[in-house]
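Novice: There's a structure below that I have some questions on.
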Amino acid sequence: MKTLGLTGFVLAAGLAFSGAAHAADFKLGVAGPITGSTAAFGAQLQQGTQQAVDDINAKGGILGNKIVLEVGDDQGDPKQAVSVANKFVGDGVKYVVGDFNSGASIPASAVYNENGILQITPASTNPKFTEQGFWNTFRTCGRDDQQGEVAAKYIAAHFKGKKIAILHDKTTYGKGLADATMAGLAKDGIKPVLYEGVNTGEKDYSAVVSKMKASGADLVYWGGLHPEGGLIRRQMTDQGIKSPMMSGDGITDNEFASIAGPGAEGTLMTFGADARKNPAASAVVKEFAARSTPFDPQAYTLYSYAAVQVMAQAAEAAKSVDPKKMAEKMHDGMTFHTVIGDLSYDKKGDLKQAGYVMYTWKKQPDGKITYIEND
């Protein structure tokens, strides 16, 4: 356990000894922002993973091993993600669903790689995550270079000759997505009239919104998450800017509309096809709805559920719960049947079927503004 040091090693050894009676447990961790401004996404990861664990355990577990779930709160912070990873190592976790943020998943993946832990992120889209040459990194989502290309093509087709502003939150994910979109636009000879980074966690973005207004932008592309994106959209409305916003998967929670207000209507967004409508997910969606406290399995909920399904099927194919043997099966191109559809992986751990579509945030008959997949 190269990352733990002597104290961590002794602790881990003690835990391993004390837990010997439970050696058959399939120890799974889920890591994400359980608290903080993006806790809505952490809830998606936790709820999706927990439901999959419950359903698979009800059918006998994985190769007869009961799945035991441990939750790690990385708060969306890279350093905290590494701390969570090291705790998982010490606790004997061998499989991880997470993290959410690319900036968290990438440093955590090094810890998992060194300690023999299989990691599937349902949400981290930065290409670097699977470009490190690690054996253990996989996704159930697509990549920002794929997502940026879809956004750029849509802009080129629907905003031809218009002025485009690009904003990002300076994070691994947000800037990476903005840059991927800008690279796609460059292929069509489109140069943004404004390219600006903002700091996360702030409440007043009026200065950059004023720059946006002065630029005369007809469309504002946002690379970042929904808390900041929602505030920027609201403050655009406050300054009388009617130009629409476009963003990526980082705003796929209904909190975006709560923060943005009426201006959220008309916002464009790239994400995978709505998994809630996939026939393979119908039974699970009903399970979420039938809870005493119903949960809407939007965005990354079912992507997290699918990650556990992939692990279970990989173990069955390998006839082993050894993470490396499972990863070998995953890299071999086998097809996994999941709630988000049939999935298979390339040698890097990226999906062969990754596909993005365009959504528009629209007001529903009940007055709620939410994201609807374009026809």
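Novice: Contour minus end-to-end for residue 364 and residue 239, with contour as 0.36 nm per residue of separation and end-to-end as the Cα-Cα distance? Working shown, then result.
Specialist: Values: separation 125, 0.36 × 125 = 45.00 nm, distance 2.54 nm.
That works out to 42.5 nm of additional length.
Novice: Note down the relative contact order for the range 180-311 as a percent, whole number, built from C-alpha pairs under 8 angstrom at least six residues apart.
Specialist: Values: 136 pairs, mean separation 23.1, N = 132.
In percent, rounded to a whole number, it is 18.
Novice: Give a residue-ordered list of calculated ³J(HN,Hα) values for the range 69-81 (Karplus: 6.51 cos²θ - 1.76 cosθ + 1.60, θ = phi - 60°; whole Hz; x for Gly, Pro).
Specialist: Using θ = phi - 60°, the values come out as 9, 10, 9, x, 9, 8, 6, x, 10, x, 5, 5, 5 Hz.
Novice: How many lysine pairs in the range 22-179, separated by 8 or more positions in sequence or lying on different chains, have Cα atoms less than 26 Å apart?
Specialist: 26
Novice: Something else: Using amide H atoms built in the peptide plane, which far-off residues or other-chain residues are under 5 Å from residue 247 H to H?
Specialist: Amide H to amide H, under 5 Å and 5 or more residues apart or across chains, residue 247 pairs with 222, 268, 269, 270.
Novice: Could you work out how far the C-alpha centroid of the range 310-369 sits from that of the range 279-307, in angstrom?
Specialist: 15 Å
Novice: What is the gain in length, in nm to one decimal, between residue 71 and residue 186 on full extension, counting 0.36 nm per residue of separation less the C-alpha to C-alpha distance? Display every interim value, and only then the final one.
Specialist: Values: separation 115, 0.36 × 115 = 41.40 nm, distance 4.18 nm.
Here the answer is 37.2 nm.
Novice: Along the range 184-194, what does the Karplus equation 6.51 cos²θ - 1.76 cosθ + 1.60 (θ = phi - 60°) give for ³J(HN,Hα), rounded to whole Hz, x for Gly and Pro?
Specialist: Once rounded to whole Hz, the list reads x, 5, 4, 5, 9, x, 9, 10, x, 7, 8.
Novice: Moving on to the next point. Please state the Cα pair-distance histogram of the range 37-169 with 5 angstrom bins from zero: what percent is in each bin?
Specialist: With a bin width of 5 Å, the distribution comes to 2, 10, 17, 19, 18, 13, 9, 6, 4, 3, 1, 0, 0.
Novice: So, by mean Cβ neighbours within 10 angstrom, what's the order for 344-357, 233-246 with the highest one leading?
Specialist: Values: 344-357: 16.4, 233-246: 18.3.
In descending order of packing, they fall as 233-246, 344-357.
Novice: Can you tell me the Rg and Dmax of the range 216-375, counting just the alpha carbons, in angstroms?
Specialist: Rg, Dmax (Cα atoms, Å): 18.7, 61.
Novice: On a 0 to 90 degree scale, rounded to 10, what angle separates helix 5-18 from the longest Cα axis of the chain?
Specialist: 60 degrees
Novice: Distance from a point 7 Å along Cα→Cβ of residue 195 to each backbone N in the range 106-149: keep the residues under 13 Å and list them by number.
Specialist: none
Novice: Shifting gears a bit: Once amide H atoms are placed 1.01 Å from N in the peptide plane, what residues at a sequence separation of 5 or more from residue 170, or on another chain, have their amide H within under 5 Å of its amide H?
Specialist: 175, 198
Novice: Beta carbons within 10 angstrom, averaged per residue: use that to sort the peptides 51-59, 161-169, highest first.
Specialist: Per-residue mean Cβ counts within 10 Å order the peptides as 161-169, 51-59.
Novice: Further question on the same structure: Label points 7 Å out from Cα along the Cβ direction at residue 24 and residue 319: separation in nm?
Specialist: 1.9 nm
Novice: Now for a different question. Mind listing the long-range amide H neighbours of residue 358? Cut-off is under 5 Å, sequence gap 5 or more, other chains count too, H placed in the peptide plane at 1.01 Å from N.
Specialist: Answer set, sorted by chain and number: 374.
Novice: Now for a separate question. Give me the orientation-averaged projected area of the Cα convex hull of the range 225-282, in nm², one decimal. Kindly include the intermediate steps, with their values, before the conclusion.
Specialist: Details: hull surface 16.5 nm².
Taking a quarter of the hull surface, the average projection is 4.1 nm².
Novice: Between beta-carbons, use under 13 Å as the cut-off and find the net charge around residue 317, counting Lys and Arg +1, Asp and Glu -1.
Specialist: Working: positive: 319, 325, 329; negative: 316, 322, 328, 332.
Computed value for this residue: -1.
Novice: Could you check what % of the DSSP bridge pairs in the chain are antiparallel, to the nearest 5?
Specialist: On the way: 14 of 45 bridges.
Taking every DSSP beta bridge with both residues in the chain, the antiparallel ones total about 30 percent.
Novice: Going by alpha carbons, how many degrees (0 to 90, nearest 10) lie between the helix axis of 301-318 and the longest principal axis of the chain?
Specialist: Compared with the principal axis, the helix lies near 40 degrees.
Novice: When 1/r is averaged over all different Cα pairs and the result inverted, which Kirkwood radius in Å belongs to the chain? Mind showing how you got there, number by number?
Specialist: Numbers: mean 1/r = 0.0473 Å⁻¹.
Radius from the Kirkwood sum: 21.1 Å.
We did not get these values from a lab; they are worked out from the coordinates using the rules stated. Quantities reported herein were computed from a predicted structural model and do not represent experimental measurements. Every residue, glycine as well, gets a Cβ built from its backbone with ideal geometry; the counts of neighbours run over all protein chains shown.
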